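Visitor: Got a structure for you, questions after.
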Amino acid sequence: MFINMLSLLLNLHKHKTNVFMRKIIVLSMISLDGVMQAPGGPKEDRSDGFKYGGWTAPYGDEAYRKAVENELEPADYLFGRKTFEIWEDYWPKNTEFWPGINEGNKYVLSKTRKKSDWKNSTFIKSLADIQKLKDSEGLDIQVWGSSELVHLLLKNDLADELKLKIHPLLLGKGKKLFDDNAHPSGFTLTESTVTSTGVILASYKRAGDVKTGNAGETIK
């Protein structure tokens, strides 16, 4: 029995990158047509002439507020450069609501930036760097905003969970959560709530391959 236990422990140590692999969790506020651009305010992101910044404002209620609070738990963070530059200008000056974002480790995928005055910020350059980060020990990794980064993660099957707030409106043009290059993937709904304003709060975790069959048949 002792030898078997020792062998198991040694095997776990040998493969500890698999044992301690942390999750990448994509969090996003989206419209019914998948637009995720500038949910927080009119000046947040006006790129490509986007006119509807702050479109989430009419939909707040107590359930929405609690969902957001739960997502502000300690984590590490992964950003694309554009979202990072918006956040590095805002959050160091607004510490009272979310102090954890200033204290947490922030990793930024960028080919042009190398440093920032925002503390605990590290710049990475490649998909391999993201995989290395995922394979390392530490807190789970949250991805906020960062549409191009999310597309890259979904294309390479690196997103373990999706936490979506689906708002009852159409925005038409704008940066979208999903593009045409996502890796075909199955997900399981782990939690869902509908707020008093009609926002669907839905959490999904990765769950194997896409299954196909004929409609009406039981799929095993």
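Visitor: Hey, what's the chain come to in accessible area per residue, 1.4 Å probe, Å²?
Guide: Normalised by residue count, the accessible surface of the chain is 61 Å².
Visitor: Once the dipole of the chain is set up with Lys and Arg at +1 and Asp and Glu at -1 on Cβ about the Cα centre, which of Tyr204, Ser121, Pro58 lies farthest towards its positive end?
Guide: Ser121
Visitor: State the dimensionless ratio Rg/Rh of the range 37-101 (Rg: radius of gyration of Cα atoms; Rh: Kirkwood radius). Provide the component values of the computation, followed by the final result.
Guide: Working: Rg = 13.1 Å, Rh = 13.4 Å.
Taking Rh as the inverse mean 1/r over Cα pairs, Rg/Rh reads 0.97.
Visitor: Got a sec to turn the phi values of the range 212-217 into Karplus ³J(HN,Hα) couplings, 6.51 cos²θ - 1.76 cosθ + 1.60 with θ = phi - 60°, whole Hz, x for Gly and Pro?
Guide: These are the phi-based 3J(HN,Hα) values: 10, x, 8, 4, x, 7 Hz.
Visitor: Another question, then. Hey, if we sort Arg206, Arg22, Arg65 by accessible area with the 1.4 Å probe, largest down, what's the order?
Guide: Arg65, Arg206, Arg22
Visitor: Starting from the Cα coordinates of the range 11-164, work out the convex hull volume and express it per residue in Å³.
Guide: Value for the range 11-164: 136 Å³ per residue.
Visitor: Would you rank His183, His151, His167 by solvent-accessible area, highest first, keeping every protein chain in place and using a 1.4 Å probe? Each step should come with its number before you reach the end.
Guide: Values: His183 80, His151 40, His167 0 Å².
I get His183, His151, His167, largest accessible area first.
Visitor: Taking the range 114-186, which trypsin sites (Lys or Arg not before Pro) meet the DSSP loop condition and have no more than 15 other C-beta atoms within 10 Å? Before the final figure, lay out each step's value.
Guide: Details: sites: Lys114, Lys115, Lys119, Lys125, Lys132, Lys134, Lys155, Lys163, Lys165, Lys173, Lys175, Lys176; in loops: Lys114, Lys115, Lys119, Lys125, Lys173, Lys175.
Those satisfying the criteria are Lys114, Lys115, Lys119, Lys125, Lys173.
Visitor: Let me ask another. Using a probe of 1.4 angstrom, how much of the accessible area of the chain is carbon and sulfur, in percent? Provide the component values of the computation, followed by the final result.
Guide: On the way: 7280 of 13370 Å².
Accessible surface attributable to carbon and sulfur in the chain totals 54 percent.
Visitor: With point charges of +1 on the Cβ of Lys and Arg and -1 on the Cβ of Asp and Glu, referenced to the Cα centre of the chain, which listed residue (Ser31, Leu149, Gly41) lies farthest in the positive direction of the dipole?
Guide: Farthest along the dipole direction, towards plus: Leu149.
Visitor: Among the chymotrypsin sites (Phe, Trp or Tyr not before Pro) in the range 96-155, which ones are in a DSSP loop with at most 13 other Cβ atoms within 10 Å of the Cβ? Mind listing them? All intermediate terms of the calculation are to be shown ahead of the outcome.
Guide: Values: sites: Phe97, Tyr107, Trp118, Phe123, Trp144; in loops: Phe97, Trp118.
The qualifying sites are Phe97.
Visitor: Dipole size in debye (nearest 20) for the chain around its Cα centre, Lys and Arg Cβ +1, Asp and Glu Cβ -1? Walk me through the intermediate numbers first.
Guide: Details: 31 positive and 29 negative charges, 125 e Å.
In total the dipole reaches around 600 debye.
Visitor: Pull up all non-local amide H partners of Lys176: gap of 5 or more, or a different chain, and H-to-H distance under 5 Å with H placed in the peptide plane.
Guide: Amide H to amide H, under 5 Å and 5 or more residues apart or across chains, Lys176 pairs with Met36.
Visitor: Of all GluC sites (Glu not before Pro) in the range 118-182, which ones are in loop regions per DSSP and have a Cβ with at most 15 other Cβ atoms within 10 Å?
Guide: Numbers: sites: Glu137, Glu148, Glu161; in loops: Glu137.
Here the sparse-neighbourhood loop sites are Glu137.
Visitor: Amide H of Thr190 versus every other amide H placed in the peptide plane: which residues, excluding those fewer than 5 positions away on the same chain, fall under 5 Å?
Guide: Ser203, Tyr204, Lys205
Visitor: Now, a different point. Per DSSP helix of 4 or more residues, -39500 (n - 2.57); summed, then divided by the residues of the chain. What does that give at 222 nm, rounded to the nearest 500? Write down the numbers at each step before the final one.
Guide: Values: 7 runs with 60 residues, N = 220.
Helix-only estimate at 222 nm: -7500 deg cm²/dmol.
Visitor: On to the next question. Could you work out how far apart the two model spin labels at Ile124 and Asn94 are, taking each label as a point 7 Å from the Cα in the direction of the beta carbon, and quote it in nm?
Guide: Roughly 2.7 nm, to one decimal.
Visitor: Obtain the radius of gyration and the Kirkwood radius of the range 152-220 from its C-alpha atoms and give Rg over Rh. Let's see the in-between values first.
Guide: Working: Rg = 14.5 Å, Rh = 14.3 Å.
That ratio equals 1.01.
Visitor: Label the range 108-188 by shape, choosing from rounded, prolate and oblate, from the square roots a ≥ b ≥ c of the eigenvalues of the Cα gyration tensor; if a/c is under 1.5 it is rounded, and otherwise prolate applies when a/b is larger than b/c, oblate when it is not. Please list the in-between numbers first.
Guide: Values: a/c = 1.81, a/b = 1.42, b/c = 1.28.
Verdict is prolate for the range 108-188.
Visitor: Before anything else, pin down the relative contact order of the chain: Cα pairs under 8 Å, at least 6 apart, normalised by residue count, whole percent. If you can, show how the numbers build up before the last one.
Guide: Working: 378 pairs, mean separation 61.6, N = 220.
That works out to 28 percent.
Visitor: Continuing with the same structure: Pairs of alpha-carbon atoms within less than 8 angstrom and 6+ residues apart define the contacts here; what relative contact order does the range 88-215 have, in percent? Walk me through the numbers on the way to the answer.
Guide: Numbers: 144 pairs, mean separation 21.9, N = 128.
This gives 17 percent for the range 88-215.
Visitor: Could you run the Karplus curve 6.51 cos²θ - 1.76 cosθ + 1.60 with θ = phi - 60° over the range 184-201 and give me ³J(HN,Hα) per residue in whole Hz, x for Gly and Pro?
Guide: Once θ is set to phi - 60°, the couplings for the range 184-201 become x, 8, x, 9, 10, 6, 9, 6, 8, 8, 10, 6, 5, 9, x, 7, 8, 9 Hz.
Visitor: For the range 69-88 and the range 171-214, what is the centre-to-centre distance using only Cα atoms, to the nearest Å?
Guide: 20 Å
The values are calculated or read from the model by the stated rules, or taken from the named source; none is laboratory data. Note that this is a predicted model, so its numbers are computed, not measured. Cβ coordinates were reconstructed from backbone atoms using ideal geometry, including for glycine residues, and neighbour counts include every protein chain displayed. Areas reflect the complete protein model, heavy atoms only, side chains present, ligands, DNA and RNA absent. Shrake-Rupley method; radii C 1.70, N 1.55, O 1.52, S 1.80 Å.
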